[in-house]
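The structure appears below as structure tokens.
Each value in this text was obtained by applying a stated rule to the coordinates, not by laboratory testing. All of these numbers come straight from a predicted model, not from anything done at the bench. Note that we place each Cβ from the backbone using ideal geometry, even for glycine, and neighbour counts take in every protein chain shown.
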Amino acid sequence: DLEEAYPPKSEGTVSIISRGNGLLCPEDFGLFQYEGFWYHSFYLEGVKLAQEQFKPQSTDIFLCSAPKSGTTWLKALAFSIVTRTEFDFSTNPLLVKVPHDCVPMLEVDIVKNMSDRNPEFPLLSTHMPYSSLPKSIIDSGCRVVYICRDPKDVFVSFWHFICKARPEIGLLPMEVIFELFCQGVSYYGPYWDHVLGYWKASLEQPERVLFLKYEDMKRETSVLVKRLAEFIGHPFSAAEETEGAVERVIDLCSFENLSNLEVNKNGRHRVDTPVAIENNTYFRRGKVRDWKNHLTAEMVQRMDRITEQKLGSCGLMF
Ligand code: A3P
């Protein structure tokens, strides 16, 4: 249970939050713990199926992330890089499909057979933590790209996501969701442990795991899009660079462009599942440091302290 998983901290933080005369448990949010991480039951089923059944091809490339850290952007970029010779930029499927429908998700689309896999197409995505990835993926030597983001912005994004996509939970005060997030209770959380798993893997096997930060992607988009393209085996040639192919990928996948497409304004994703969602939920502000508009000084201090404790010694800063 929560108290066992996250014992009270010395600085007096609570590990179970009072709710009237009862206690607020992760199960109230439909969250269940498995191998040290918290899952919505729908995704947890898929995680276990993936661990039991999934057999990768050695050419597979996994786009990995914790929710709200830049998954949608990474999927769009990788998809447009890989398909740039197949479609010109005015016919790219990203113009009519949400990025999540362009790159299948392992624990949902693949193992639940919700979309047919094209064996020629190398991209797959997952929110699974590194330590829970199917052994078959680790053994196969497949390449992995991970994107992470300042935990403060992840939390703010997560909070807005919950208010919109899970309104029954969004009724809870932000402070409660914040407390749970800090204690590690969020979808695929603890967030910090998620980041740490992939960070360590990237240090051990840099040729196999590319570790990206949302903030760096925003600041040095062109450099990192080229690095991503090279890492996933679709480098831009000098001629392509000269004639502006890198900028075209960046423009196609920009927040401004994607969020204004009809499909992303009014379309829906995973219809007929317990986790159906409006596509516009994936596009909110797309800014770095939006936390400044939402968190109190105490919240900032608390999160920065956790980040320092959990990631500081690894040299991971945001
Ligand atoms: P905000 O809520 O801070 O705006 P994920 O894709 O992992 O669910 O993360 C969602 C976050 O990425 C949201 O952050 C969303 O607005 C932002 N995002 C979505 N598409 C993006 C894009 N093309 N470029 C930059 N950020 C994007």
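Report D for the range 211-312 in µm² per second (integer): Stokes-Einstein, Kirkwood Rh on Cα pairs, 4 °C, 1.567 mPa s. Write down the numbers at each step before the final one.
Details: Rh = 16.9 Å.
It diffuses with D of about 77 µm²/s by this estimate.
Any idea what angle helix 191-204 forms with the longest principal axis of the chain, computed on alpha-carbon atoms, 0 to 90 degrees, nearest 10?
50
Using amide H atoms built 1.01 Å from N in the peptide plane, name the residues 5+ places from Gln33, or on other chains, whose amide H lies under 5 Å from its own.
When sequence neighbours closer than 5 places are left aside, the close amide H contacts are Tyr39.
In whole Å, how far is the Cα centre of the range 80-128 from that of the range 257-295?
18
Using Cα atoms only, what is the angle between the long axis of helix 41-53 and the major principal axis of the chain, expressed in degrees (0 to 90) to the nearest 10?
Taking the Cα atoms of the chain, the angle to 41-53 is about 60 degrees.
Would you mind giving the average projected area, over all directions, of the Cα convex hull of the chain in nm² with one decimal?
Values: hull surface 65.8 nm².
Taking the Cα atoms of the chain, their convex hull projects to 16.4 nm² on average.
Report, by chain and number, residues whose modeled amide H sits under 5 Å from the one on Leu63, excluding near sequence neighbours (fewer than 5 apart, same chain).
Close amide H contacts, sequence-distant or interchain: Leu124, Ser125, Thr126, Val145.
For n ≥ 4 DSSP H runs only, could you compute -39500 (n - 2.57) per run for the chain, divide by its residues and tell me the 222 nm figure to the nearest 500? Before the final figure, lay out each step's value.
Details: 16 runs with 136 residues, N = 318.
Computed mean residue ellipticity for the chain: -12000 deg cm²/dmol.
Tell me, rounded to the nearest percent, the portion of alpha carbon pairs in the range 143-301 spaced more than 18 Å apart. Intermediate results must be reported in sequence, preceding the final value.
Working: 8640 of 12561 pairs.
Across the range 143-301, Cα pairs with separations above 18 Å total 69 percent.
Output wanted: per-residue J couplings in Hz (rounded whole) for the range 138-150, from phi through Karplus 6.51 cos²θ - 1.76 cosθ + 1.60, θ = phi - 60°, x for Gly and Pro.
For the range 138-150, the Karplus curve yields 4, 5, 6, x, 4, 7, 10, 10, 10, 10, 10, 7, 3 Hz.
Is there a quick way to get the dipole size of the chain? I mean about its Cα centre, with the Cβ of Lys and Arg at +1 and of Asp and Glu at -1; what is the value in debye to the nearest 20? Before the final figure, lay out each step's value.
On the way: 35 positive and 43 negative charges, 78 e Å.
Roughly 380 debye, rounded to the nearest 20.
Could you work out the relative contact order of the chain? I mean the mean sequence separation of Cα pairs under 8 Å and 6+ apart, divided by the number of residues, in percent.
On the way: 413 pairs, mean separation 67.9, N = 318.
Contact order relative to length: 21 percent.
Less than 16 Å apart at the alpha-carbon level, and either on another chain or at least 8 residues along: which lysines does that give for Lys68?
Hits, sequence-local ones excluded: Lys152, Lys164, Lys213, Lys218, Lys287.
Quick one: which residues, 5+ away or cross-chain, put their amide H under 5 Å from the amide H of Leu212? H built at 1.01 Å from N.
Tyr146, Ile147, Cys148
Highest mean first, how do 66-78, 243-255 rank when packing is the count of other Cβ atoms within 10 Å averaged over residues? Could you put the intermediate results ahead of the total?
Details: 66-78: 25.1, 243-255: 17.2.
Order by mean packing, descending: 66-78, 243-255.
Compute the acute angle (0 to 90°) between the alpha-carbon long axis of helix 71-82 and the principal axis of greatest extent of the alpha-carbon atoms of the chain; round to the nearest 10°.
Computed tilt is about 10 degrees.
If the elastic network links every pair of Cα atoms under 10 Å, which of Met303, Met128, Met105 fluctuates the most in the Gaussian network model of the chain?
Result for the chain, Cα springs under 10 Å: Met303 fluctuates most.
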